[in-house]
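In what follows, a structure is listed as structure tokens, so that the remarks can point back to it.
The values are calculated or read from the model by the stated rules, or taken from the named source; none is laboratory data. Everything quoted here is computed from the prediction, not taken from an experiment. Note that each Cβ is placed from the backbone with ideal geometry, even for glycine, and that neighbours are counted across all protein chains shown. All accessible areas refer to the heavy atoms of the entire protein, side chains included, with ligands and DNA or RNA removed. Shrake-Rupley method; radii C 1.70, N 1.55, O 1.52, S 1.80 Å.
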Amino acid sequence: MRLVFMGTPAFSVPVLNALVDAGHEIAAVYCQPPRPAGRGKKDRPTPVHARAVELGLDVHHPVSLKTNAAQEDFAALNAEVAVVVAYGLILPQVVLDAPKRGCLNIHASLLPRWRGAAPIHRAIMAGDKETGVCIMQMEAGLDTGPVLLRHETTIGTEETTDQLHDRLSQMGADAIVKALAAIDTLTAAPQPDDGVTYAHKIDKHEAHVTWSVTALEVDRKIRGLSTFPGAWCEIDGQRVKLLASRLVDGTGTPGEVLDDALTVACGEGAVQLQRLQRAGKGAQDADVFQRGFPVAKGTQL
């Protein structure tokens, strides 16, 4: 099948690989433009851009799809389907209508739950027991289109956003290959009105850990924001990212370090910090972190 692929971050790369491996013809790859990155602030291509170049595919990175020229270029590709996953630009109706069979979006939630920008983070932070991927027929609304296919998965009790991100990326790759193979037989099911929630973009102000809330809330925040932007607290005046944790027994003043294993009391219960990162340093498991930056029992975070 002749496809246009539209995606930008690392989450999208396994999907592009799967479409190529399945034998589909990729007429063009659309992604966000290269942007300054690293210490030298040199323009760096996005993960999808880099992979598309490796595969020898034609890459387009317009700053907008609202111009006549961009829309004409897209229509001229004469694609049967556009596959969209974490692309980063709104598709005008004329673009949505250009492929013969429309545009299919891979969304990392069980729609209509967690429409929007940060469905993986929000699912973990809300304590959802399960999530998944949906293959959705795109329309003008934000993740409102009918669903062609959905795959579900359980969220692990200690799973972080990074870990779940990688699993859902591969699930999405498998699902879109199946959906395209069965496109003539799949029925598009409208999303119900009940159960709609929005996964608003993560604000960095959310990342500061407040120890007075329950351990359950603290643990969900730490896992849900790992590794980016990273939940954080101050230890001896230094900002430290908290990248992994688990729920444990323990009581004390909220924010009090209860032992040498970095168990911290919360408003109710306690969490054990398992992976941490100081500013300018690499991420470390708790035992390694303790050797280089010891946090004594009784320390107040």
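Listed values, structure above:
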{"item": "Coil-residue trypsin sites (Lys or Arg not before Pro) of the stretch 218-295, DSSP, other Cβ within 10 Å capped at 15", "result": "K281"}
{"item": "Under the Karplus curve 6.51 cos²θ - 1.76 cosθ + 1.60, θ = phi - 60°, whole-Hz ³J(HN,Hα) for the stretch 65-72, x wherever Gly or Pro sits", "result": "10, 8, 7, 4, 4, 5, 6, 5"}
{"item": "Rel. contact order, % - alpha carbon contacts under 8 angstrom, at least six apart, the chain", "result": "13 percent"}
{"item": "Top of V53, V15, V209 by mean-square fluctuation, Gaussian network on the chain, Cα under 10 Å", "result": "V53"}
{"item": "Per residue value of the accessible surface for the chain (all protein chains in place, 1.4 Å probe), Å²", "result": "48 Å²"}
{"item": "Radius 11 Å from Cβ of A126, net charge of other residues (Lys, Arg +1; Asp, Glu -1)", "result": "+3"}
{"item": "Relative contact order of the stretch 211-296, pairs being alpha-carbon contacts under 8 Å that are 6 or more residues apart, as %", "result": "28 percent"}
{"item": "The stretch 1-80: trypsin sites (Lys or Arg not before Pro) falling in loop per DSSP and having at most 15 other Cβ within 10 Å", "result": "R39, K41, K66"}
{"item": "Whole-Å distance, taken between Cα centres, linking the stretch 91-142 and the stretch 164-206", "result": "5 Å"}
{"item": "15 Å beta-carbon shell around R246, net charge (K/R +1, D/E -1)", "result": "-4"}
{"item": "When each of K129/K178; K129/K221; K42/K281; K241/K281; K201/K221 is checked by Cα-Cα distance, pairs over 19 Å", "result": "K129/K178; K42/K281"}
{"item": "For the chain, built as a Gaussian network whose Cα springs stay under 10 Å, the top-fluctuating residue of T253, T210, T67", "result": "T67"}
{"item": "Max mean-square fluctuation residue, GNM over the chain, Cα-Cα springs under 10 Å, options Q137, Q71, Q32", "result": "Q71"}
{"item": "Pairwise FRET efficiency - K297 versus E139, Cβ, R0 = 51 Å, nearest 0.05", "result": "0.35"}
{"item": "Modelled FRET efficiency - R0 51 Å, D260 with V94, Cβ distances, 0.05 increments", "result": "0.25"}
{"item": "Inter-site label distance for R246 and K204 at 7 Å from Cα along Cβ, in nm", "result": "3.2 nm"}
{"item": "Relative contact order, percent, the stretch 120-164 [alpha-carbon distance under 8 Å, six or more residues apart]", "result": "41 percent"}
{"item": "Residue-averaged [θ]222 nm for the chain, counting only DSSP H segments that reach four residues, each worth -39500 (n - 2.57)", "result": "-7000 deg cm²/dmol"}
{"item": "Gain on full stretching of the segment that runs from A69 to D21 - 0.36 nm per residue minus C-alpha separation", "result": "14.2 nm"}
{"item": "Sulfur and carbon atoms: percent of accessible area, the stretch 1-87 [1.4 Å]", "result": "51 percent"}
